[in-house]
Amino acid sequence: MKMQVLYFSKDGKGNAEALATAVGRTFKCKCDQIPPAYPCEGQKLVIIVYDNYSKPAKQLVDFCKDLKPERASNVAIITMSKTGTQGVAELEEIFKANKVEISGKLELKVSKGLFGYGKLTDEDIKKANDFSTNIAKDLFEHLD
């Protein structure tokens, strides 16, 4: 299975790594931070998980601009934000311009408190795993 899960958290303290690790474990695939140690090459699906509490960070935007169909033919986006409706328009535009298919997006509500990030719940992890599984089933025949 040519699949990878990547995560980005602006200050390294968010929930992106924990959620990405849980999804990566489900598929027994590589999970790495953005920018990854090794660039994506020939991936059928790249799942990008990130904390979306402000404008996307330059490193995340630069990484997305570098994704082309020969590196990743499909991307799925999982974000966590205070409202669960922050939107991912900037990244979607980048992927469309690069002709990378957006297979889906999941926006989770994970509040950010005064002293740090909200707690990721088992329900949030289940939603992310279900979302990822549905996309993977559409792209990889052997998962049906």
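The values are calculated or read from the model by the stated rules, or taken from the named source; none is laboratory data. Remember, it's a predicted structure, so these values are computed and weren't measured experimentally. Neighbour counts are summed over all protein chains in view; Cβ atoms, including those assigned to glycine, are modelled from backbone coordinates with ideal geometry. The accessibility values were calculated without ligands, DNA or RNA, using every heavy atom of the protein model including side chains. Shrake-Rupley method; radii C 1.70, N 1.55, O 1.52, S 1.80 Å.
A cut-off of 5 Å between modelled amide H atoms, ignoring neighbours fewer than 5 places along the same chain, links I77 with I48, G104, K105, L106.
If you take the beta carbon distance between Y38 and K13 as r and set R0 to 22 Å, what does 1/(1 + (r/R0)^6) give as a FRET efficiency, to the nearest 0.05? Computed FRET efficiency for Y38 and K13: 0.35. For the chain, with all protein chains in place and a probe radius of 1.4 Å, 50% of the accessible heavy-atom surface sits on carbon or sulfur. For the range 38-118, trypsin sites (Lys or Arg not before Pro) are listed when DSSP marks them as loop and at most 11 other Cβ atoms sit within 10 Å of their Cβ; the list is K99. For the chain, what are the DSSP H helices with axial Cα length of 30 Å or more and mean Kyte-Doolittle hydropathy of at least 0.5? Within the chain not a single helix satisfies the rule. Which shape class, rounded, prolate or oblate, goes with the range 10-80 when its Cα gyration tensor gives a ≥ b ≥ c as root eigenvalues, a/c under 1.5 marks rounded, and past that a/b bigger than b/c marks prolate? Since a/c reaches 1.5 but b/c is at least a/b, the shape of the range 10-80 is classed as oblate. Residue-wise HN-Hα couplings along the range 103-108, as the Karplus relation 6.51 cos²θ - 1.76 cosθ + 1.60 with θ = phi - 60° gives them from phi, are 7, x, 9, 10, 10, 9 Hz; Gly and Pro carry x. Computed from the Cβ-Cβ distance with R0 of 25 Å, the FRET efficiency linking T121 to T85 stands at 0.90. Applying a DSSP loop filter and a limit of 10 other Cβ atoms within 10 Å to the chymotrypsin sites (Phe, Trp or Tyr not before Pro) in the range 17-124 leaves F115. For the chain, the per residue solvent-accessible surface stands at 54 Å², with DNA, RNA and ligands left out and a 1.4 Å probe.
Taking the charge dipole of the chain about its Cα centre, with +1 at Lys and Arg Cβ atoms and -1 at Asp and Glu Cβ atoms, the residue from I135, S103, P56 reaching farthest to the positive side is P56. Rg ratio for the chain: its Cα radius of gyration over 2.2 N^0.38 Å, N being its residue count, equals 0.96.
When exposed loop sites are taken as GluC sites (Glu not before Pro) in a DSSP loop with at most 12 other Cβ atoms within 10 Å, the longest stretch of the chain clear of them is 71-144.
Separation of the alpha carbons by more than 19 angstrom is noted, of K28/K105; K2/K127; K44/K99; K2/K68, for K28/K105; K2/K127. Near the amide H of Q43, within less than 5 Å, lie the amide hydrogens of A72, S73, all on another chain or at least 5 residues away, with H placed in the peptide plane.
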